[in-house]
Structures are given as structure tokens and as C-alpha cells.
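Take a look at the structure set out below.
The values are calculated or read from the model by the stated rules, or taken from the named source; none is laboratory data. Source: prediction; values computed, not measured. A quick note on method: Cβ atoms are made from the backbone with ideal geometry, for glycine too, and the neighbour counts reach across all protein chains shown.
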Amino acid sequence: MSAFDWMDEALCAQTDPDLFHPEDNNRYATARKLCATCPVRTQCEEHAARVEGDVSRERRHGLWAGHTPYARARQATAEPQEGPEGDDRDSLIRRLAERGGMTPEQIGTAAGCTARTVQRVLARKAAA
């Protein structure tokens, strides 16, 4: 069983992908209607948060779980990210770094984010 099996049930996988990646970002109406009734919306939202981490709005694309790139970026900065076992992602990153012996890539994999995110979290800690 794959961690991505839920994607087979996604309504977006059964329709035109251009609906979720329009030329004009203000044209998500039809895609939002599909997302509102999608049986895997929660998994989609969690996946988008894991994949995008804390990247800027400009680096986010398409509609995920009914949320625009702008809305997802705003939410990512407003709420702490959750990591494995319900721990706050940043706390998990700091704990793993303090233990030593792990590369930023390995820490990122364990925390569900990128190595760049790990470096940003550790840089914020060092600056504090």
C-alpha cells in the first residue's frame, strides 16, 4: 500500500487538470466546487502542507483542497506545522538537530519538509 493511494479517489484526478491550474488565478470557481465534495480533501490538504512546507506564495501552484496558493501560504505562516507523532514541526527539527548525526536532508525527511526548511528553522533558532 502506497502513501499516495488516496490520490486515486481524488476528484481532480478524474477531470481536466487545467481547472486546478488556470491561467488567471481568479478562475478557480469550478475547481472549488469539485474540491468541496471531494472524499479525500483532508488528505489533499495535508499532502499540500507537507510538499510545500513554508515556501513563498510565488512558489505555490494550483488549487489544493479548495485553497489557493495565497491562502495556503497565509495558513502556513499562521499555524505551526505538525510533524510525526503530533509534534510541532519546528520543535521536531530542533530536537533532531540537537541530537546530531543527521544531515538536513535526513531531518527534513523525518519532519516531512525539505532540507531548506530545516536550514531556515535552525537559522531562526540561531538568530534568537
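Worth a mention:
- Taken together, the residues in the stretch 37-74 that are part of a helix (DSSP H, G or I) and either in contact (Cβ under 8 Å) with a residue 12 or more places away in the chain or among the charged types (D, E, K, R) (or both) amount to 20.
- Check on residue 76, out of contact with any Lys or Arg (no Cβ under 6 Å at 6 or more places or on another chain), surrounded by 18 or more Cβ atoms within 10 Å (Cβ to Cβ) and within 24 Å of residue 105 (Cα to Cα): yes
- The listed residue being under 16 Å from the mean Cα position of the chain (by Cα) and at pLDDT below 80, out of 108, 86: 86
- For residue 49, the conditions (1) surrounded by fewer than 13 Cβ atoms within 10 Å (Cβ to Cβ); (2) closer than 27 Å to residue 112 by Cα are fulfilled apart from (1).
- The residues in the stretch 18-31 that are exposed (fewer than 15 other Cβ atoms within 10 Å of the Cβ) and under 13 Å from residue 66 (Cβ atoms) can be counted, and the count is 2.
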